[in-house]
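The values are calculated or read from the model by the stated rules, or taken from the named source; none is laboratory data. All values reported here derive from a predicted model rather than from experimental measurement. Positions of Cβ are generated from backbone atoms using ideal geometry, with glycine treated the same way; all protein chains shown enter the neighbour counts. Ligands, DNA and RNA are stripped out before the accessible areas are found, and what is left, the full protein with its side chains, is counted by its heavy atoms. Shrake-Rupley method; radii C 1.70, N 1.55, O 1.52, S 1.80 Å.
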Amino acid sequence: VGTITDSWTYLRLLFSRVGTPHVGESNHFSFNDPAGMCPTCSGLGEVVVSAVDRFLDLDRSLAEGAILLPGFGDGGYWYSQYADIGTFDASTPLREWTESERQALLYGGEHAARLGTRPPRNYEGVVERFERVYLRTSDSLSEKKQQTIDRFTRSELCPDCRGDRLNEAARTATVLGHTIGELARMEIT
């Protein structure tokens, strides 16, 4: 509605002129401009996060393919990074593992350290490895990689801007006690 009615343009102009604290020109209130967009979600209001609940089949063991992500259950390199390190029982269904063991498998780090066994120094939890390989790469996405991302991620409200799409400075400026996000959520009338 804000785009169709041009009300967003006028709100940006109003906040750039009389908003307190003063933030800057009207582009500082634009979620399409680097000067105003939320750096966490790039002005989209949502972020892509791992759908961790889709990563594991708790009724299977590691040897039976409990890690559902591509490349993790085929006896290959990634599979061996979990099944062959001596930390996890590869033949027991994950449902029978302790919650601590499942957390160590998924998140590594301090969760793995708490188990008392010593995973290799370069050990990554399944979630960390997935996010590094699939979400934090700048290469072009193949159709197969995009299908994996679609299957194992979901969109959530941005944790920083909570959907306002703007950076912190723009979100904190007020006019008559209202932020630009509050005004934008009101009905046009």
* Consider ASP6 carefully, then state whether it is without any contact (Cβ under 8 Å) to a residue 60 or more places away in the chain and surrounded by fewer than 16 Cβ atoms within 10 Å (Cβ to Cβ). => yes
* **Neighbours by Cβ (under 8 Å, 6+ apart or cross-chain): first from the stretch 10-21, free of Cβ contacts under 8 Å to residues at least 40 places away in the same chain; second among the aromatic types (Phe, Trp, Tyr)** => SER16/PHE29
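Yes/no matrix, rows are residues, columns are (1) under 24 Å from the mean Cα position of the chain (by Cα); (2) in contact (Cβ under 8 Å) with a residue 60 or more places away in the chain:
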site	(1), (2)
ASP53	yes, no
ASP59	no, no
GLY65	no, no
PRO70	yes, yes
TYR82	yes, no
PHE88	no, no
THR92	no, no
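Select the helices (runs of 4 or more DSSP H) contained entirely in the stretch 89-131, then report the ones holding at least 3 residues which are more than 19 Å from LEU68 (Cβ to Cβ).
Filter on the stretch 89-131 gives 109-113.
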* Looking at (1) within 23 Å of the chain's Cα centre (by Cα); (2) modelled with pLDDT of 90 or more; (3) loosely packed, with under 13 Cβ neighbours inside 10 Å; (4) not hydroxyl-bearing (Ser, Thr, Tyr), can you tell me which one GLU110 breaks? -> (2)
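Name every residue in the stretch 19-47 that is among the β-branched types (Val, Ile, Thr), out of contact with any Asp or Glu (no Cβ under 8 Å at 6 or more places or on another chain) and not in a loop (DSSP other than H, G, I, E, B), in order of residue number.
The one that is among the β-branched types (Val, Ile, Thr), out of contact with any Asp or Glu (no Cβ under 8 Å at 6 or more places or on another chain) and not in a loop (DSSP other than H, G, I, E, B): THR20.
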* **Meets criteria (open to solvent by 40 Å² or more (accessible area, probe 1.4 Å) and touching a residue at least 24 places away in the same chain (Cβ under 8 Å)) for GLY116** => no
* **The lone exception for GLY76 - which of (1) without any contact (Cβ under 8 Å) to a residue 12 or more places away in the chain; (2) open to solvent by 70 Å² or more (accessible area, probe 1.4 Å) it fails** => (2)
* To do: Could you please find all residues in the stretch 15-24 being open to solvent by 70 Å² or more (accessible area, probe 1.4 Å), within 11 Å of VAL175 (Cβ to Cβ) and not polar (S, T, N, Q)?
  => ARG17, VAL18
